[in-house]
Amino acid sequence: MQPFSAPNEAGTPGQPRAGWWRGLGFGLLAFGLALGARFALAGVLPPTGFPFLTFFPAVILTALFGGLAAGLLVSALSILAALYFFIPPAYSFAVKGSADIIALAFFAAVLLVDCIVIRVMTGSLARVRAERSRNAALAESQRRMATELARRLEELRTALAAGENARGRLAASEARLQALNHELQARVEAEVAAREAAQMRAAHAERLQALGQLAGGIAHDFNNVLQAVAASSGLIERRAEDPAMVRRLARLAAEATARGAAVTQRLLSFARRGALRAAPVDVPALLEGLRDILAHTLGRSLSIRVEAPPGLPPLLADKAQLETVLVNLATNARDAMPEGGTLTFTAAAERASPGHPAGLAPGAYLRLQVQDSGSGMTPEVLARIAEPFFTTKGIGRGTGLGLAMARGFAEQSGGTLLVESEAGEGTCVTLWLPQAAASASPPPPAPPTALRGLTLLLVDDERPVREAVASALRDFGCRVLTAESGEAALPLLRDEARIDVLVTDLAMPGMNGVALIRAARQAHPDLPALLLTGFAGEVEAQGGREFVVLRKPLTGSDLAAVIAALPLEARQAAPAL
């Protein structure tokens, strides 16, 4: 059974009002029972003396279960009841002797001490219970905290395990990603290499296509050259006694030969493979030469005009590649004019300023325009013309790389390309290429008289060429030794006391010209050498750069001027080869 009240910090009842009244009622009930028990035991207990024995349980129980106030009340009622009912004279509050006063005081003191002690005990018990409750609550809280800590620790272990698994998966994913990256890089490199190879093949095919389109016109030009040379040779033979006529016919033959040489060089440029080099290009001369050859190639239904004022500065580009680009543009223009029309080549100098409409960097340029009066292009076609392999021509009539190559050539040369066209209004393709830097004029060639007294060794497997070149050089006062092969030239190099210059053809049976020059240099390290060839690409394939290369055909005067410009010194006989 719990007490009905508890003291607060000041020692007063701290229970609610209803609890206090319950304690008071319990005390009155206990007092009544104790008083009734005393009267009931009147026959057993003496009427007087020890009148307080039956009240002690009531006071103790009331103090224990009813609280201090109820205990004190019951104590006071017990003292009054003992004084009134049981201390003589009975039924009176009068006290006869000091012994009764002492007994009554002792009884009151005992009851008061009992109430206080019991109250202290109940307070201690209450504090013990409260402490026990707090300890139990603390233990429960610690248990819950321990459970929560264990749960959190388990979650942490689980998270750490998941983190390790995630790290392992991440490492595996990174390894797979790296492997995929390497594989993708290899695929991209292979794809790029394959695409570059395909573009290179297509570009060469584009040049060969242009070469094929030029074949008819070139055949016509060569027939004209042969006709002029054959007629002039026959007339010279019949009119040998007329010096003036012979000289005029010789000039005609020389002009025809020069025309054939120009056609040959253009053919070699169109069909050439490999790296090409930028050099100053005379634009008016280039366009005039193209007009002559395109007039036969593109057909007589087209009128070809060239508008290039004299005095234009040279542009800096690869001449062979530029010719290929212009021929391809002209071919595209021809295809856009199936019923004929006008094709115009225009050249002009231009200085680009910042913010140029075509995106040119500031500087000096040559502007080349190829304009036709054909059918033009719709905006949809115009937007795609620079895409590689895009073509509106039929199957087998185009690779779709012409304009893409032209744009790439212009940009790699430091310029750009712009295409303007409208349906039914024709097309204008504009190329901007940088001007060549101004350079000093080349020194005039040395006079041919500088060859007098020189000894030259001429090697060529073609007898007419060998005899004609030797005769031309002898006219300039040279001593000329000839040989029909590299093997035949070696004894002359070994036995002759003095040879100032070696002039040799490149392509010969057995030992070619490069091998002959290198063999001669083993015994004559400083021997000047000239290599004659119809195609400089053959020299590049041989890897030769330690000699002067001249392209056939060339006149005796040109060859003599080159020899006169060489740093020649008197040389003694060299050891045998």
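Please list the non-local residues whose amide H lies under 5 Å from the amide H of L530, H modeled 1.01 Å from N, same-chain partners needing a gap of 5 or more.
Answer set, sorted by chain and number: L502, V503, T504.
Quick one: length gained pulling A254 to R452 fully straight, 0.36 nm per residue minus the C-alpha distance? Each step should come with its number before you reach the end.
Details: separation 198, 0.36 × 198 = 71.28 nm, distance 2.50 nm.
Stretched fully, the A254-R452 segment lengthens by 68.8 nm.
Starting from the Cα-Cα distance between Q522 and R127, subtract it from 0.36 nm times their residue separation and give me the gain in nm to one decimal.
This chain segment gains 129.9 nm when fully extended.
Sorted by average packing, counted as other Cβ atoms within 10 angstrom per residue and highest first, what order do 417-423, 457-463 take? Each step should come with its number before you reach the end.
On the way: 417-423: 16.9, 457-463: 19.9.
In descending order of packing, they fall as 457-463, 417-423.
Using amide H atoms built in the peptide plane, which far-off residues or other-chain residues are under 5 Å from F476 H to H?
none
Taking amide hydrogens as modeled 1.01 Å from N in the peptide plane, which residues meet the under 5 Å criterion relative to L343, leaving out close sequence neighbours?
Those lying under 5 Å, H to H, from L343 are S303, I304, R305.
Restrict the search to segment 306-367; then list the GluC sites (Glu not before Pro) that DSSP places in a loop and that have at most 11 other Cβ atoms within 10 Å of their Cβ.
E339
Quickly rank 172-183, 482-493 as a protection proxy: mean count of other C-beta atoms within 10 Å, highest first.
Descending packing order for the listed peptides: 482-493, 172-183.
May I ask you to evaluate 6.51 cos²θ - 1.76 cosθ + 1.60, the Karplus curve with θ = phi - 60°, for each residue of segment 523-531 and list the ³J(HN,Hα) values in order in whole Hz, giving x for glycine and proline?
Taking θ as phi minus 60°, the curve returns 9, 10, x, 9, 5, x, 9, 10, 10 Hz for segment 523-531.
Considering only the other residues whose Cβ falls under 12 Å of the Cβ of E484, what net charge follows from Lys and Arg at +1 and Asp and Glu at -1?
-4
State, to one decimal in nm, how far the label point of A349 lies from the label point of E484, with both points 7 Å from Cα in the Cβ direction.
For the pair A349/E484, the computed spacing is 5.5 nm.
Between H182 and S303, what is 0.36 nm times their sequence separation minus the Cα-Cα distance? Round to one decimal in nm. Mind showing how you got there, number by number?
Numbers: separation 121, 0.36 × 121 = 43.56 nm, distance 5.68 nm.
Gain on stretching H182 to S303: 37.9 nm.
Bear in mind these aren't lab numbers, they're just calculated from the coordinates by the rules spelled out. No experiment lies behind these values; they were computed from the predicted model shown. Quick reminder, even Gly has a Cβ in these numbers, built from the backbone with ideal geometry, and neighbours come from all protein chains shown.
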